[in-house]
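What follows is one structure encoded as structure tokens, with my remarks underneath.
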Amino acid sequence: MTAPEPLLDIPEISAHATGAPRPLLDRVGLTLPPGTVTAVVGPSGSGKTTLGLAALGAARDGVRLTGRVLLTGTDLLLLPPARRPAARAGRAAHLPQHPETVLDPVRRAGGTLTELAALGGHRDRTARRAAGRRALTAAGLDWDTVRRRFPHQLSGGQQQRLALASALATGAHLLVLDEPTSGLDPALAQALGRTVRGLADEGAGVLLLSHDLTLVRATADDVVVLEAGRAVDRGPAADVLGTAGPRPPTGPRAHRHPATRALLAAEHPTAPSELAGRTSHAPGGGGVRAADVAVRRRTGDPLTGPVTLDFAPGSRTALLGPSGSGKTTFARVLAGLTPPTRGEVRHEGRPLPRRLDRRSTGERRVVQYVHQSSAEAFEAHRPLLGQLADTARLLRGTDTVRARAEATEAAGLLGLDEELLHRTPDRLSGGQLQRCALVRALTARPALLVCDEVTSALDTVSRQRVLDALPRLLAPAGTALLFVSHDLPAVRALAEEAVLLDGGRLVRRGPVGDVLPAG
């Protein structure tokens, strides 16, 4: 029996960025037959996103591709760039790492999906609407609930699933999914994994770019490990990654490449040694208090609250709950980005203005918020080091030289080389930008640091580096931490108290070990 023609065949692809000392991709090849999932894993900055774009014949500005990319037999790189979108329309779809970049902010979800369904051959309105409904359901969202909403009315996890539905609505046979579970709670991540596997079983080909090794094990047939733009390890998923467990797998593949071994060794994060056996509360009172805060939609339905929480100096609190439970809304209230309709945020007993633009320089220092979507937090064409130094310079009055030195030191602790800081944001990976956003907030030395899914774009090694460095970076100012996350292993390693939201309301709080399920 003749093997089916691959949906995607990349005999060899390289990518070079203008002025970069080494290629972003160095002669990487892969083949993706229909009905299979190939996962690409590797540390942040290894080239996963660049490879995903290259599989579509695309590249970021300033990046040049060389080699061959055959999409159902058509070499995309032989076509002029302007003709490549038409060549992949209805055949290939892409879910980017930052879903907000592909969601039209002025289009309702239902209208977007029915329009995309036309690319899948659905010509009449009824068929397009049915295809949009199927895509949204497959992505884990309810059509009647979501179809009339704009993207900004959805949580980060809901935006992620809407972007996936947008890819599915086209009826494409090749799906390139870049970190599809970032921003999803564990139950939704598992459901998405089942969806991905089901699409492959129905004949689609999936190129999965992910740091989520649990997802990769559940869905992938084959795995490619990237490091510094090169494919350093590859093979069946079970051989490369083994089974999940507290120790790296042993046996026939115990000789794995060091990059693979490092990813596996850091899969189960550990608590920083300096936190062992003690709580971190600084002596004395003060701190930040969210007093009876609530936010309501125009319809009057509660979005979050009322919630009252105290963040003592040096405390480490995790904010948990399913996607859409109000975690990000509450975090934005603390930072003054979403004004509450009830209650107030206080620092050392004094109320802070509800809106960030009405807070003084000193008041803006109090709460620093690291956004879930870090790519949007930076000026596109300005080198990062100056942007990271601005926080200390503008909010603390630190001179430029000292501010840059502080930012460079913090970045080093988080695993970012100084050379990266002289690049513009478009030259960094999602995981690198996530850590840059963390650096910028930390250099304010705030009373409260709010981290919204700051490990969502990180590989296992980088995640452990962040968990190890955070206590040291928080200590000088006695900064309290609010860790908003679906990453339960990271929560167990870092936080001492957990707060659970559901439906916008606080339903449980207590020591992490009491609130989280065993495991």
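The values are calculated or read from the model by the stated rules, or taken from the named source; none is laboratory data. Computed from a prediction, not measured in an experiment: that's the story for all the values here. Ideal geometry is used to build each Cβ from the backbone, glycine not excepted, and the neighbour counts take in all protein chains shown.
If you go through segment 54-87 and keep only what is touching an Asp or Glu at 6+ places or on another chain (Cβ under 9 Å) and touching a residue at least 60 places away in the same chain (Cβ under 8 Å), you end up with Arg60, Asp61, Gly62, Val69, Leu70, Leu71, Thr72, Gly73. Counting only residues that are in a strand (DSSP E or B) and of a type outside the set (Asp, Glu), segment 338-359 holds 7 of them.
Only one of the listed residues (Glu100, Glu12) is buried (at least 16 other Cβ atoms within 10 Å of the Cβ) and more than 25 Å from Ala218 (Cβ to Cβ). That residue is Glu100. Could you tell me whether Val345 is within 30 Å of Arg149 (Cα to Cα) and within 23 Å of the chain's Cα centre (by Cα)? For Val345, the condition - within 30 Å of Arg149 (Cα to Cα) and within 23 Å of the chain's Cα centre (by Cα) - is not met. What about Val223, is it modelled with pLDDT of 90 or more and either part of a loop (DSSP other than H, G, I, E, B) or crowded, with 21+ Cβ neighbours inside 10 Å (or both)? Yes, satisfied.
Only one entry in Leu168, Leu192 is modelled with pLDDT under 95, within 21 Å of Thr455 (Cβ to Cβ), in a helix (DSSP H, G or I) and aliphatic (A, V, I, L, M), namely Leu192. Of all residues in segment 198-205, none are part of a strand (DSSP E or B) and within 28 Å of Ala331 (Cα to Cα). Of the residues making up segment 370-404, those that are part of a helix (DSSP H, G or I), among the hydroxyl-bearing types (Ser, Thr, Tyr) and buried (at least 23 other Cβ atoms within 10 Å of the Cβ) are Ser374, Thr391. Residues of segment 264-286 include none that is under 28 Å from the mean Cα position of the chain (by Cα) and at pLDDT 95 or above. Against the criterion of being in contact (Cβ under 8 Å) with a residue 40 or more places away in the chain, surrounded by fewer than 24 Cβ atoms within 10 Å (Cβ to Cβ) and of a type in the set (A, V, I, L, M), Leu481 qualifies.
Restricting attention to segment 99-123, the residues that are of a type in the set (Gly, Ala, Ser) and assigned to a loop (DSSP other than H, G, I, E, B) total 1. Filtered by the rule that a residue be buried (at least 18 other Cβ atoms within 10 Å of the Cβ), assigned to a strand (DSSP E or B) and β-branched (Val, Ile, Thr), segment 46-66 gives a lone residue, Val63. Looking at segment 433-452, which of its residues are of a type outside the set (Lys, Arg), buried (at least 24 other Cβ atoms within 10 Å of the Cβ) and in contact with a Lys or Arg (Cβ under 9 Å, 6 or more places away or on another chain)? Matches in segment 433-452: Thr443, Pro446, Val450, Asp452. Pairing each residue of segment 281-301 that is in the same structural domain as Leu352 (by TED's automatic domain parsing) and surrounded by 10 or more Cβ atoms within 10 Å (Cβ to Cβ) with any residue that is modelled with pLDDT under 65 and not in a loop (DSSP other than H, G, I, E, B), provided the two are 6+ apart or on different chains, yields C-beta distances under 6 Å for Arg296/Pro302. Checking each residue in segment 226-262 for being of a type in the set (A, V, I, L, M, F, W, C) and either under 19 Å from Leu24 (Cα atoms) or at pLDDT below 75 (or both) picks out Leu226, Ala228, Ala231, Val232, Ala244, Ala254, Ala259.
Within the bounds of segment 206-219, is there any residue that is surrounded by fewer than 20 Cβ atoms within 10 Å (Cβ to Cβ) and either assigned to a loop (DSSP other than H, G, I, E, B) or not assigned by TED's automatic domain parsing to the domain that holds Ala59 (or both)? Within segment 206-219, not a single residue is surrounded by fewer than 20 Cβ atoms within 10 Å (Cβ to Cβ) and either assigned to a loop (DSSP other than H, G, I, E, B) or not assigned by TED's automatic domain parsing to the domain that holds Ala59 (or both). For segment 154-183, taking the residues that are among the hydrophobic types (A, V, I, L, M, F, W, C) and more than 20 Å from Leu207 (Cβ to Cβ), the one that is surrounded by the most Cβ atoms within 10 Å (Cβ to Cβ) is identified as Leu162. Evaluate segment 394-402: report whether one residue or more is under 20 Å from Asp468 (Cβ atoms), free of Cβ contacts under 8 Å to residues at least 60 places away in the same chain and among the aliphatic types (A, V, I, L, M). The answer is no; no qualifying residue exists. With a requirement of 3 or more residues that are β-branched (Val, Ile, Thr), the helices (runs of 4 or more DSSP H) lying completely within segment 408-519 that satisfy it span 460-474.
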